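No lab work stands behind these numbers, since they all come straight from the coordinates. Given the structure is predicted, the values throughout are model-derived calculations rather than measurements. Reconstructed Cβ throughout: ideal geometry from the backbone, glycine too, with neighbour counts over all protein chains shown.
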Amino acid sequence: MEAVCGDAVRVQERFLMELLERNAQTEYGKKWGFSGLRTVEDYRKQVPLSRYDDYEPLIERQIGGEKGLLTADEPVFYCISAGSTSQPKYVPITQRDVTVHRIYLLDAVQDVIWKELAGLPDEKLFGRIFETGEFYRTAMPDGTMNGVRSGVLMRWLESRDEIDFSEYTSPRKVMFPEKMENMLYVKLRFALACRDITAIHGVFVHGMVQMFQYLQERWDGFVEDIASGEVSDRFQISEQWKRYIKERLAPDPGRAEELRSATKDGASGLVRRIWPELRYIRMAGGSIFQGYMDELRVFIGDLPIHFYAYASSESTLGAVYTLQEEDARYVLIPESCFFEFLPEGETGERALTFREVEAGKSYELVVTTLSGLYRYMMGDVVEVTGFYGEAPIIRMSRRKSQVLNVADEKMDMRQMERAMRRFERLSGCLLEGYCADTGFRGSTPYYSVYLEPKTGALPADAETLLDDCLRDSCFGYKGARELGQIGDVRVLPLQKGAFAAYREFLAGKGFRMEQNKPIHILQTEEQKDFFKGEAVR
């Protein structure tokens with residue numbers, strides 16, 4: 001990693017030229033003349049910027065069995081992504097992509113943890129892992145594995161029998177179930193039975209928080225089941241899994257008593273009392289998820305967090321090479337994609353490379369992947385915060401689609417999150433979730449913000465208070481409000497359980513929920529109709 005990043009500019013150029021040569025005889029490569037491209041500049045001039053719609057017909061043909069369309073390599077996995085629309089996307093992943101994923105997001109990350117927690121013997125550092133991710137054995141019609149990005153590597157390793165299940169709390173059948181269903185209770189039962197867990201691995205911080213909340217709210221039921229070896233009726237799981245648990249987990253009154261005493265101080269530090277040997281947590285998080293980060297810290301205290309990876313359905317992009325960072329900053333991996341950067345706020349399509357980006361500036365990310373996407377506009381806006389050798393270190397700013405912009409105010413998700421956290425402090429009302437839409441009063445636009453209270457109640461002056469918080473967080477919003485370009489904000493309380501109901505709604509439509517991100521800006525009519533229906537009348 002150090003060698004590759006130290007020579008990142010040259011590595012990037014070599015990566016692109018080799019990729020074009022390998023895929024020159026594909027249908028896409030012939031269309032855009034890959035065989036005649038000799039330089040990065042040739043590539044930028046000849047091949048247009050693209051989006052998923054540009055590939056969808058070819059991907060559909062590829063799924064249908066045609067070969068040589070996007071890459072010379074055949075896909076070994078299809079990532080399923082909901083994207084920002086109501087229809088799932090299928091993104092092919094090649095073996096080369098999986099190999100890069102393994103090197104930089106498994107081997108290198110493990111080495112980081114080993115170095116930064118130096119002084120601990122391996123059995124204390126790499127003892128038992130509680131893997132919270134979900135790796136259902138689902139496939140395309142031809143048998144090619146499919147699922148979400150977070151499951152690519154684990155599914156591939158499992159298919160090659162390269163996972164040592166003695167390192168994990170869950171047996172093989174629990175980690176890789178045959179069908180999609182809620183496995184949270186099952187995984188927690190096996191994890192709670194282990195006293196020697198040293199790490200918890202997850203996907204996104206909000207999923208980790210929701211898991212701990214689920215455990216806390218049902219604590220007595222878990223303790224009783226562990227003591228008796230049974231599965232009480234309060235937990236809705238199938239008869240198959242009830243039998244499986246009872247066959248493999250004997251009654252353990254001693255462990256139940258240990259767990260019963262762990263709740264003496266409530267949620268504060270609960271996770272470390274359950275598993276005293278815990279050394280770190282690995283998951284995606286950071287300030288863009290600040291509300292969930294605050295809730296997580298209640299459960300885990302000062303336990304080190306590895307913010308893991310910056311990845312998407314399209315590719316493995318970056319990894320964190322420290323353990324104690326306060327925020328998630330990722331080194332872009334020079335061998336994972338060819339990266340280009342569109343300067344934010346500039347017109348035109350002049351994209352920059354590793355040679356040209358500057359620390360302190362924000363860019364929309366464009367990637368050329370190992371799996372057949374060329375100059376693909378991901379929709380992610382990132383801030384370059386520095387360099388690791390010659391490789392940029394970036395912080396995720398926002399999804400380009402996840403922004404409120406009715407009067408050129410450009411309220412992004414980081415600013416919205418900051419405003420909502422301040423609103424919670426000032427109002428004394430903690431939120432289960434929030435999401436925003438825009439509307440018009442006459443010709444004047446305004447924000448409609450849906451809020452689901454978790455504890456406390458929304459104050460009578462909630463709209464005035466929220467408006468002040470939005471002004472304080474976003475200079476563009478403040479200016480537009482003062483000029484009368486944006487009207488008064490409208491607060492719409494949601495019924496309790498609204499966000500849980502939305503997740504169930506998506507699951508009922510067949511969406512994969514393992515790495516579903518919190519919804520904060522309503523984009524589709526389906527989303528808007530759902531939350532209108534959940535608003536308190």
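Of all DSSP beta bridges in the chain, what percent run antiparallel (nearest 5)?
So the antiparallel bridges amount to about 70 percent of the total.
At each listed q (0.10, 0.11, 0.12 Å⁻¹), what is the log10 of I(q)/I(0) that the Debye formula gives for region 403-534 modelled as equal alpha-carbon point scatterers?
One equal scatterer on each Cα of region 403-534 leads to -0.32, -0.39, -0.46.
Go ahead and run the numbers for FRET between residue 30 and residue 7, Cβ-Cβ distance against an R0 of 30 Å, rounding to 0.05.
It comes to 0.40.
Give the relative contact order (percent, whole number) for the chain; include only Cα pairs under 8 Å separated by 6+ residues.
Normalised by residue count, the contact order of the chain is 14 percent.
Bin by bin, in steps of 5 Å, what percent of the Cα pairs in region 164-268 do you find, going until the bin that has the longest distance?
With a bin width of 5 Å, the distribution comes to 2, 11, 22, 26, 23, 12, 3, 0.
Using only alpha carbon pairs under 8 Å that are at least six residues apart, calculate the relative contact order of region 121-247 and give it in whole percent.
30
Label 7 Å along Cα→Cβ of residue 50; region 304-340 residues with amide nitrogen under 17 Å?
Inside the label zone: 313-316, 337-340.
D for region 187-232, whole µm²/s, Stokes-Einstein with Kirkwood Rh over alpha-carbon pairs at 25 °C and 0.890 mPa s: what number?
For these conditions, the coefficient is 210 µm²/s.
Give the dimensionless ratio obtained when the Cα radius of gyration of region 372-465 is divided by 2.2 N^0.38 Å.
Working: Rg = 17.5 Å, N = 94, 2.2 N^0.38 = 12.4 Å.
This ratio for region 372-465 stands at 1.42.
Calculate, axis by axis, the spread of Cα positions in region 367-426 along the three principal axes, and write the results as whole Å, longest axis first.
Principal-axis extents of region 367-426 (Cα, largest first): 47, 29, 20 Å.
For the ranges 260-269, 243-252, 103-112, what's the packing order if you count other beta-carbon atoms within 10 Å of each residue, average per peptide, and put the highest first? Each step should come with its number before you reach the end.
Details: 260-269: 12.6, 243-252: 14.5, 103-112: 16.8.
Those peptides, ordered most packed to least, come out 103-112, 243-252, 260-269.
Please give the calculated 222 nm ellipticity per residue for the chain, where each DSSP H segment of at least 4 residues contributes -39500 (n - 2.57) and the sum is spread over every residue; nearest 500 deg cm²/dmol?
Value at 222 nm, helices only, nearest 500: -10500 deg cm²/dmol.
Please give the contour-minus-distance gain from residue 22 to residue 238: 0.36 nm per residue of separation, less the Cα-Cα distance, rounded to one decimal in nm.
72.9 nm
For residue 496 and residue 405 in one chain, what is 0.36 nm times their gap in residues minus the Cα-Cα distance, to one decimal in nm?
29.9 nm
State the Cα centre-to-centre distance between region 348-380 and region 444-459 in whole Å.
Result: 36 Å between the Cα centres.
Tell me, what is the percent relative contact order of region 403-534, built from C-alpha pairs under 8 Å that lie six or more residues apart?
29
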